[in-house]
Amino acid sequence: MGRTIRFALFLAVSLALCSCGRTISPDDQLASEYHYKLARNYYNDHNIAMTQRELHESLTLDPSNAEARHLKGFLMMGLRDWEGAAHEFRLALQFQPDLREARNNLGVVLIEQGNYEEAIETIEPLISDPLYGMQYIAQGNLGLAYMKLGDLENARKHLEMAVFLLPSFVLGNNNLGIVYMKMNRTRDALEAFERALKHAPKNYAEPMYWIGVIYQKAGRYEEAVASFTRCAEILGDTPLGKRCAARAAGDLLE
């Protein structure tokens, strides 16, 4: 092994073990894990400020704590800081390559950033990973990425697998309905949207919008307006709620 290669390997190991020249001791690692667990408990209690504080303590003690990196990235996702979230998820995977949740969440962020091909490459290993317990989520995210790319056949394939694995998967059914609609499979689209609504929480109304669009195209205007009206009532002063309200009022253009 050449001197350059030996140095590169040494540097990689050193970066994994040190922070700003400080070797991470076993005591620091234990303390970091303690603060991470506190952060996770605060997150479960919806105390975001304390979650952030404990994550800061955890990562100050051990910057290579992958679970803490992942939780920090998850918080950034909630704040829609996609760049920051992607950075934390990449670090989490660098320090713990088998952290499957970080891989999936990185894929979600890449979709939000419009990096659909990279998202597919990131998520795809999960669908053949027997140790990943949420295959339906990975299949659903792959389907969404392919849908965004305009590859409807691959989108259909992955979304159908997602709802096969979990028939009550609300987002999977909704996105499958959109794909069917784009493929002019109207009956299948309506069935998918109805499945989504059957299992959806009361404040989730996107399938109602798409059902209204289908009825509108079919010339069933009363049913279209009823679906848009219900959507607007549920979603209120949100972008989609306003869109539903406009269509219910007669603005039925795409």
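The values are calculated or read from the model by the stated rules, or taken from the named source; none is laboratory data. These figures come from a predicted structure and were not determined experimentally. So basically every Cβ, Gly included, is an ideal-geometry build from the backbone, and we count neighbours across all protein chains shown. In case anyone asks, the SASA skips ligands and DNA or RNA and just uses the protein heavy atoms, side chains included. Shrake-Rupley method; radii C 1.70, N 1.55, O 1.52, S 1.80 Å.
Using the Cα centre as the reference, give the magnitude of the dipole from point charges on the C-beta atoms of the chain (Lys, Arg: +1; Asp, Glu: -1; all else neutral), rounded to the nearest 20 debye.
Dipole magnitude for the chain comes out near 300 debye.
Mind checking the full-extension length gain between Lys157 and Glu112? Use 0.36 nm per residue of separation minus the Cα-Cα distance, one decimal, nm. That pair, Lys157 and Glu112, stretches by 14.1 nm at full extension.
Relative contact order of segment 180-239: 28 percent, from C-alpha pairs under 8 Å at least 6 residues apart in sequence. A Förster distance of 41 Å, applied to the separation of the beta-carbon atoms of Asn44 and Ala246, puts the FRET efficiency at 0.55.
Approximating the spin labels as points 7 Å out from Cα along Cα→Cβ, the Gln94-to-Tyr204 distance works out to 3.5 nm.
With contacts taken as Cα pairs under 8 Å at a separation of at least 6 residues, the chain carries a relative contact order of 8 percent. Positive-end ranking of Asn65, Ile24, Asn47 along the dipole of segment 23-69, with charges on Cβ about the Cα centre, is headed by Asn47. Here the spin labels are modelled as points 7 Å beyond Cα on the Cα-Cβ line, and at Thr23 and Phe164 they lie 5.4 nm apart. Taking percent of Cα pairs over 33 Å apart as calculated from this structure, the corresponding entry among (i) 34; (ii) 18; (iii) 23 is (i). Students often get this wrong: which residues of segment 136-176 have the backbone nitrogen under 20 Å from the point 7 angstrom along Cα-to-C-beta of Glu121? Counting backbone N atoms under 20 Å from the label point, the list is 138-139, 141-151, 154-155.
The candidates Tyr42, Tyr221, arranged from most to least accessible area with a 1.4 Å probe in the full protein assembly, appear as Tyr221, Tyr42.
Over the chain, accessible surface divided per residue gives 56 Å², non-protein components excluded, 1.4 Å probe. In this calculation the C-beta distance from Met183 to Glu33 is compared with R0 = 30 Å, giving a FRET efficiency of 0.05. Pairs of Lys residues in the chain that lie 8 or more places apart, or on two chains, and have C-alpha atoms under 29 angstrom apart add up to 21.
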